[in-house]
Amino acid sequence: MTLMHKFLGAAATVALSAGVAMAEPGLIIDLGGKFDKSFNESAYTGAQRWVEETGGDYMETELQSEAQREQTMRRMAERGANPVVVLGFANASTLEKVAPDYPETNFTIVDSVVDQPNVQSIVFSEHEGSYLVGMLAGMASDTGTVSFVGGMDVPLIRKFACGYVQGVKAVDPEIEVIQNMTGTTPSAWNDPVKGGELTRAQISQGSDVVYAAAGGTGVGVLQTAADEGIYSIGVDSNQNYLHPGSVLTSMVKRVDNAVYDAFQSAAEGKFETGVQVLDLESEGVAYAVDEHNEALITDEMSAAVEEAKQKIISGEIEVHDYTATDSCPVE
Amino acid sequence: MDFLTIIQILDSTIRLATPLLLACLAGLFSERSGIIDIGLEGKMLVSAFFSAAVAAMTGSVWIGLCAGIVSAVLFSLIHGLASITFKGDQLISGVAINFLASGMTVLIAQDWFSQGGRTPSLSGDARFDSLDWPGAVAMRDAFRAERAGDGDPTGLSAIYWDMISGHTILVYVALLAVPVSWYVLFRTRFGLRLRAVGENPAAVDTAGVSVVRLRYASILIAGLLTGLAGAYLSTGLAAGFVKDMTAGRGFIALAALIFAKWRPWYALWACLLFGLLEAVGNRYQNIELVGFELPVQFMQALPYILTVVILAGFVGRAIPPRAGGKPYVKER
């Protein structure tokens, strides 16, 4: 019996040490779900690409409710995942609390900044990408009115809206921009019915290009835009394929690259904590052109947008960041 | 605010009120027979999923609608089995139905379509098209032509071509369900017994009428109506199912039911009022009242605030059916 115990103990030790040696990265998919065709799906795609290219393995869980954040984060860290990637600004306060308890584990947070020695914070210059799609919207509009549907009313989404408005006004300061937020609770990310209804209200006010930065709610916005025969602009993932001919472009946010890089740098032992900004220059944000929408974007439009892009990169045009001042200079 | 804007808001009101109205009438039948039903949300959700899923697979929205209704009726039967046959707690059974629907729909959707708990986007015959009433399109074109020219049309015709015409068939079914419900509940023998069984089941039983059968009948009607409500959400308003897409509408319907004091016509007005508030909130997210700006959060909370205010006594006491929530035990 004692021999048996020894064997079992040895086996367990081997298993444990193996686990430590091959620390797998972990990914916590946020509310909204893995296949939201948007933010979370992009992160998942990045993780899958990493698996395909490196043959590695990673742990993954999906949050079901707001209350699970801390528990899920802790469990992931305790299971030995390293780094643990969390998605979305809503995790910031939880991570602030959890990270110091696991000094040996690295964390990556996308879309927010957490100032802890073992946390890598990845933020995107959404305002710059939104500025460019705003320009496209302004140029594509015939009615002189364009609109914006946000998900949950939070500073991050205001940042999208503010960049968009600046881009539209850069084309023609006379163009009116209608802005609506879906709600103030996380369910605002998942209400396509309300998204569609908001879009209809905007269309009746004259809008003929709508930009959705609203996660799953955006599916309803894009659908209604296609039904009513106006243009729409997708967000986060490339959504051009959803309704070819109606989706003008998508403001692509390369969350997939962020996740891939976090996984890969950890695997190579080059993981760096601190703040990383993914902007136009590093192609962290971009406007998507592919076979589904190339007919909608004229040479004139793309020339103007490319020029603005270079000017933003060189610093000649400065796009105001809503989160810097909690206000937007234009409406 | 011009006349056309008002019409557009009313048009939106009708669309938004329809799922509430169907769910509210479902609750009405159920609660009038003494079965508290907080599982309206779950039944709508399960119907929203199955109607969208089956419509996506078969390409026919009608088959989808049938599947949605069948699924909602099955969920009603689960509720009935727990709360009528086994005399369980109706609230707990209702909560369980909500949880079951929320989890099950996503799980099945993921298994069938592998799109993360949603159905593929529906198009063509897999969705309910809007019905254009005779002459509506011509009137709309005439209006637009006049506006595009130098004319200044009053837009009175918009009442017809925008507000009345151009909804999906389920909207008209929902509106029609109000007088039908009223007739069934207040002008038929079945309705009298159904109301009696919610007030005093022992008396009905003494008269030789089966309490259990009446309650099951009312629950089946509730299943049918929530089935329509769910199908309308996913195949009429939206084009496909997404996780938890009912977004609390089942609970708003319950609030409307209390507000309506368990009466069909009042239910119509209550649901239209909630729909109107939502439509106004969508259209005007910030309203200026005498130099004082109401924030968007206030507009979105308004239906709930209103419910509390109303229930606090502004419309008089709302008295529920007396036997509501209590399982009927024949003999001790």
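Each value in this text was obtained by applying a stated rule to the coordinates, not by laboratory testing. Since we're looking at a predicted model, the values are computed, not measured. Every residue, glycine among them, receives a Cβ derived from its backbone with ideal geometry; neighbour counts consider all protein chains shown.
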Kirkwood Rh for chain A from C-alpha pairs, in Å, is 20.7 Å
Calculate the dipole size of region B:3-246 relative to its Cα centre from +1 charges on Lys and Arg beta carbons and -1 charges on Asp and Glu beta carbons; express the result in debye to the nearest 20.
780 debye
Percentage relative contact order, chain B, counting C-alpha pairs under 8 Å, at least six apart:
35 percent
Which value in deg cm²/dmol, rounded to the nearest 500, describes the helix-derived mean residue ellipticity at 222 nm for chain B, given -39,500 (n - 2.57) per DSSP H run of n ≥ 4 and division by the residue count?
-21000 deg cm²/dmol
From zero outward in steps of 10 Å, how is the percent of C-alpha pairs of region A:216-331 spread across the bins?
12, 31, 35, 19, 3, 0
Highest average packing first - A:151-158, B:108-115, B:50-57, Cβ atoms within 10 Å:
B:50-57, A:151-158, B:108-115
Can you compute the modelled spin-label distance between A:ALA23 and B:LEU294, with each label point 7 Å from Cα toward Cβ, in nm?
5.4 nm
Counting partner chain Cβ atoms within 10 Å of every residue's Cβ in A:196-208, what's the average?
4
What ratio of Cα Rg to 2.2 N^0.38 Å holds for region B:3-246?
1.16
For peptide B:80-90, what's the mean number of Cβ atoms from other chains within 10 Å of each residue's Cβ?
0
Mind ordering B:181-188, B:21-28 by average Cβ neighbours within 10 Å, highest first?
B:21-28, B:181-188
Take the alpha-carbon positions of the protein assembly as shown, form their convex hull, and give its projected area averaged over all directions (one quarter of the hull surface) in nm².
37.3 nm²
Extension gain from B:LEU74 to B:PHE86, taking 0.36 nm per residue of separation minus the Cα-Cα distance:
2.7 nm
Cα extents of region B:233-276 per principal axis, largest first, Å, are 33, 16, 16
Give the separation of the Cα centroids, region B:94-137 to region A:253-331, in Å.
34 Å
Does anyone have the angle between helix A:299-314 and the longest principal axis of chain A? Alpha-carbon axes, 0 to 90°, nearest 10?
50 degrees
Average beta carbon contacts from partner chains per residue of A:30-37, 10 Å cutoff
5
Nearest 500 deg cm²/dmol is fine: what mean residue ellipticity at 222 nm does chain A get from its DSSP H runs of n ≥ 4 alone, each adding -39,500 (n - 2.57), divided by its residue count?
-13500 deg cm²/dmol
Could you compute the FRET efficiency for B:LEU175 and B:THR206, with r as their C-beta to C-beta distance and R0 at 51 Å, rounded to 0.05?
0.85
Under 17 Å Cα to Cα from B:LYS243, which lysines show up? Leave out anything in the same chain fewer than 8 places away.
A:LYS34, A:LYS37, A:LYS194, B:LYS43
What angle do you read, to the nearest 10 degrees and between 0 and 90, between the alpha-carbon axis of helix B:3-32 and the longest principal axis of chain B?
10 degrees
Relative to 2.2 N^0.38 Å, what does the C-alpha radius of gyration of region B:188-305 come to as a ratio? Two decimals please.
1.43
Assign unit charges at the C-beta atoms only (+1 for Lys and Arg, -1 for Asp and Glu), then state the dipole size of the protein assembly as shown relative to its Cα centre in Debye, rounded to the nearest 20.
4660 debye
For region A:33-75, what does the alpha-carbon gyration tensor say about shape, rounded, prolate or oblate, given a ≥ b ≥ c as the root eigenvalues, a/c under 1.5 as rounded, and a/b over b/c as prolate?
oblate
Considering the options B:LEU77, B:LEU10, B:GLY59, tell which one lies farthest towards the positive end of the dipole of region B:3-246, charges being +1 on Lys and Arg and -1 on Asp and Glu at the Cβ, about the Cα centre.
B:LEU77
